[in-house]
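Here the structure is laid out as structure tokens; the discussion comes afterwards.
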Amino acid sequence: MTVLVTGGAGYIGSITTRLLVERGFGVVVLDSLELGHRAAVNDVPLVVGNIADSDLVTRVCREHKVSDVVHFAAYKAVGESMQNPTKYFDNNVAGTHSLIAAVVSAGVENVVFSSTAAIYGDPDIVPVTEDAEVRCESVYAATKRMTEQILEWYSATRNLRSVSLRYFNAAGAASDGTLGEDWRYSQNLVPHVMKALLGFAPALKVFGNDYSTPDGTGIRDYIHVEDLAESHVAALQYLRGGGDTMICNVGTGVGTSVMDIISTTERVTGRAVPYDIAPRRAGDPARYFANASKAERVLGWTSRRLLDDIIASAFAWHSAHPHGHAASQA
Ligand code: WQD
């Protein structure tokens with residue numbers, strides 16, 4: 001029994017792949033290496049190719065006796081998805097559907113899918129539960145919701161069960177400092193804070209300090225990438241134990257503002273974060289964070305790492321790898 005991890009050479013995928021191997025799962029990675037890095041996969045079997053290549057996926061499933069899929073491979077830049085919707089629908093929806101059809105035909109019964117809290121848009125009630133209204137405000141979010149629906153329909157019609165994990169804001173790096181995010185491709189807050197702190201970018205732009213939040217800056221739920229990786233292992237064990245198809249939030253339940261991130265970074269690293277207040281970024285909600293009680297109840301999963309761990313691990317990773325994995329390949 002082998003787990004096929006698509007996108008296993010990427011940020012969250014590589015950290016989850018390593019955890020699966022540590023926990024005794026057989027793993028094969030499928031990654032196009034367009035955004036992922038060979039160095040992030042280490043000695044785990046890696047197939048370089050596209051999720052939309054049905055012949056390849058079928059062959060990998062047969063050769064590696066694949067029983068489960070953890071599906072990360074996707075484009076994830078919200079702004080780009082509005083500029084180039086075709087790219088996102090092609091890869092994230094059509095490519096994913098092709099993958100699902102191929103693996104179902106090959107006898108795979110369990111899929112763990114990377115969904116997103118972006119599906120909730122600007123929720124009326126926080127902490128946000130899984131039954132909150134779906135309000136996709138970007139093509140990116142819509143592609144993730146469509147995939148959840150495809151998975152639900154395959155459960156209704158074929159022998160496939162799935163867990164769609166709705167991630168809140170993934171951040172941080174592996175605690176041993178060897179795996180992390182390539183900030184060249186990231187639009188997210190923590191990598192931007194680190195870039196400014198380490199002098200690889202001008203001052204951080206704080207997008208708006210006039211929101212109706214205690215310090216005026218946006219509030220999110222930052223989840224340590226290693227805790228996020230653990231949730232995939234828990235979801236896989238749940239499915240292997242016969243669990244039904246479901247959707248589940250993965251967050252800490254704690255709301256953190258942009259100014260909290262800056263002050264925590266300054267305290268943990270002992271260095272000043274250069275920043276300026278800038279206008280709000282279009283489409284940014286003021287505040288959301290997870291109600292993560294379903295993950296605890298159904299998967300037995302809770303986040304364990306703290307914001308300090310997120311910042312310390314991100315600082316260690318980016319300081320040592322300012323060019324992402326490219327540095328470790330040199
Ligand atoms: C966090 C906060 C910004 C950058 C997006 C996607 C979501 C998910 C993660 C996945 C906000 C503020 C940010 C900066 C800032 N996707 N900020 N200056 O927007 O919550 O979520 O990324 O793959 O689907 O929607 O995350 O990290 O961009 O922003 O002030 O330079 O930091 O306004 O309040 P976001 P983020």
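Under 5 Å from the amide H of S32 lie the amide H atoms of G7, G49, each residue being 5 or more positions distant or on a separate chain, with H modelled from the backbone and absent for Pro and chain starts. List residues of segment 90-115, by number, whose backbone nitrogen lies under 18 Å from a label position 7 Å along Cα→C-beta of T157. Counting only backbone N, you get 93-111. Secondary structure note: in the chain, about 5% of the DSSP beta bridges are antiparallel. For segment 83-136 versus segment 218-294, the inter-centroid distance based on Cα atoms is 18 Å.
Summed over the residues of segment 7-56 and divided among them, the accessible surface reaches 41 Å² per residue at a probe radius of 1.4 Å.
Scalar couplings 3J(HN,Hα) for segment 127-142, obtained by applying the Karplus form with A = 6.51, B = -1.76, C = 1.60 to θ = phi - 60°, are x, 8, 9, 5, 8, 4, 4, 7, 9, 5, 10, 8, 4, 3, 4, 4 Hz; x denotes Gly and Pro. Around G177, under 14 Å between beta carbons, what's the net of Lys plus Arg minus Asp minus Glu among the other residues? In short, -3.
Remark: relative contact order (segment 118-203) = 16 percent; criterion is Cα-Cα distance under 8 angstrom and separation of 6 or more residues. With the whole protein complex present, R38 retains an accessible surface near 130 Å², based on a 1.4 Å probe. In the chain, the DSSP-assigned H stretches of four residues or longer account for a calculated mean residue ellipticity at 222 nm of -10500 deg cm²/dmol, using -39500 (n - 2.57) per stretch and the full residue count as denominator. Note on the chain: lysine pairs with Cα distance below 22 Å, sequence gap of 8 or more or different chains, count 7.
Fully extending the segment from R267 to L198 would add 23.3 nm, taking 0.36 nm per residue of separation and subtracting the current Cα-Cα distance. Rounded to the nearest 20, the size of the Cβ-charge dipole of segment 1-92 about its Cα centre is 160 debye, with Lys and Arg at +1 and Asp and Glu at -1.
Taking Cβ atoms as reference points and 13 Å as the exclusive limit, the residues near A292 contribute a net charge of -1, counting Lys and Arg as +1 and Asp and Glu as -1.
Ordered by solvent-accessible area of protein heavy atoms (1.4 Å probe), largest first, the residues L35, L30 come out as L35, L30.
Computed from phi, the 3J(HN,Hα) profile of segment 25-40 under the Karplus parametrisation 6.51, -1.76, 1.60 (θ = phi - 60°) reads 7, x, 9, 10, 9, 10, 8, 6, 6, 5, 10, x, 10, 3, 4, 7 Hz, with x in place of Gly and Pro.
In the chain, Cα pairs under 8 Å separated by at least six residues give a relative contact order of 19 percent. Taking every protein chain into account, the accessible area of segment 116-174 amounts to 40 square angstrom per residue (probe 1.4 Å).
Length available on full extension from S98 to I125: 0.36 nm per residue minus the Cα-Cα distance, which gives 6.1 nm. The orientation-averaged projection of the convex hull spanning the C-alpha atoms of the chain amounts to 15.5 square nanometres.
For segment 194-291, a Kirkwood hydrodynamic radius built from all Cα pairs, placed in the Stokes-Einstein relation at 25 °C and 0.890 mPa s, yields a translational diffusion coefficient of 156 µm²/s. In the chain, the portion of solvent-accessible area held by carbon and sulfur atoms comes to 50 percent [1.4 Å probe, whole percent, DNA, RNA and ligands not counted]. Site pair D276 and E109 shows an inter-label distance of 5.8 nm when each label is modelled 7 Å from Cα along Cα→Cβ.
Net charge near S162: determine it from the other residues with C-beta under 9 Å of the C-beta of S162, scoring Lys and Arg +1 and Asp and Glu -1. Around S162, the charge tally is -1. On full extension, the segment bounded by V134 and V48 gains 27.5 nm, given 0.36 nm per residue less the C-alpha separation.
The values are calculated or read from the model by the stated rules, or taken from the named source; none is laboratory data. All values reported here derive from a predicted model rather than from experimental measurement. Methodologically, a virtual Cβ is constructed for each residue, glycine included, from the backbone with ideal geometry; neighbour enumeration extends over all protein chains shown. Each accessible area value is taken on the protein alone, full model and side chains, heavy atoms only, with ligands, DNA and RNA left out. Shrake-Rupley method; radii C 1.70, N 1.55, O 1.52, S 1.80 Å.
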